[in-house]
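The values are calculated or read from the model by the stated rules, or taken from the named source; none is laboratory data. None of these values were measured; they are calculated from a predicted model. Reconstructed Cβ throughout: ideal geometry from the backbone, glycine too, with neighbour counts over all protein chains shown. To get the accessible areas, we keep the full protein, side chains included, count just its heavy atoms, and leave off ligands, DNA and RNA. Shrake-Rupley method; radii C 1.70, N 1.55, O 1.52, S 1.80 Å.
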Amino acid sequence: RDPAPRSRWEILLYPGLLAVGMHRIAHWLFEADLFFLARFVNHFSRWMTGIDIHPGAKIGQHLFIDHGFGVVIGETAEIGDNVSIYQGVTLGGTDPANGIGGKRHPTLSDDVIVGSGARAAASFPGCELFSSGARSLTIAR
């Protein structure tokens, strides 16, 4: 979905593609209860790309992270299919006061574009993020 590359080979150098690919490996390890290895892949990916995707995050098909430096996606975040995320986006979470983990991060619907610098710092029960401009969020029930 990016009009900038001049060849298909150039896309292989995109940090967003590398981060999502390495997340798929880390998530597989996370699901297999190999948490240390999953975190190792996660930390290596973050070091290489500047994009931090927790191994526990659930990501649909065709996630596009453009100019992704500073993107943070938390453990219980769920991202639908065909989502585009731009630089500096945080899908963060809250530290539950009662000590119970649960769903702490937002859910993105399919076909969402999340603009630069947008922040979602919690999960809203029964809500999904379905639209976002730069530094803003739109939430629906």
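Pairs are defined by a Cβ separation below 6 Å, a sequence spacing of at least 6 or placement on different chains, a first member in region 2-23 that is within 21 Å of His54 (Cα to Cα) and in a helix (DSSP H, G or I), and a second member that is open to solvent by less than 60 Å² (accessible area, probe 1.4 Å) and at pLDDT below 90; the pairs so defined are Pro15/Gly68; Gly16/Gly68. Scanning region 18-49 for residues that are out of contact with any helix residue (DSSP H, G or I) (no Cβ under 6 Å at 6 or more places or on another chain) and of a type in the set (A, V, I, L, M), which turns out most open to solvent (accessible area, probe 1.4 Å)? Taking the candidates together, the pick is Met48.
Residues checked against (1) modelled with pLDDT under 90; (2) of a type outside the set (A, V, I, L, M, F, W, C):
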{"residue": "His43", "(1), (2)": "no, yes"}
{"residue": "Thr49", "(1), (2)": "no, yes"}
{"residue": "Ala57", "(1), (2)": "no, no"}
{"residue": "Ile79", "(1), (2)": "no, no"}
{"residue": "Asn82", "(1), (2)": "no, yes"}
{"residue": "Ile85", "(1), (2)": "no, no"}
{"residue": "Thr90", "(1), (2)": "yes, yes"}
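Among the residues making up region 81-98, those that are assigned to a loop (DSSP other than H, G, I, E, B) and open to solvent by 10 Å² or more (accessible area, probe 1.4 Å) are Asp81, Asn82, Tyr86, Gln87, Gly88, Gly92, Gly93, Thr94, Asp95, Pro96, Ala97, Asn98.
So is Val72 of a type in the set (A, V, I, L, M), open to solvent by 20 Å² or more (accessible area, probe 1.4 Å) and in contact with a Gly (Cβ under 9 Å, 6 or more places away or on another chain) or not? Yes, satisfied.
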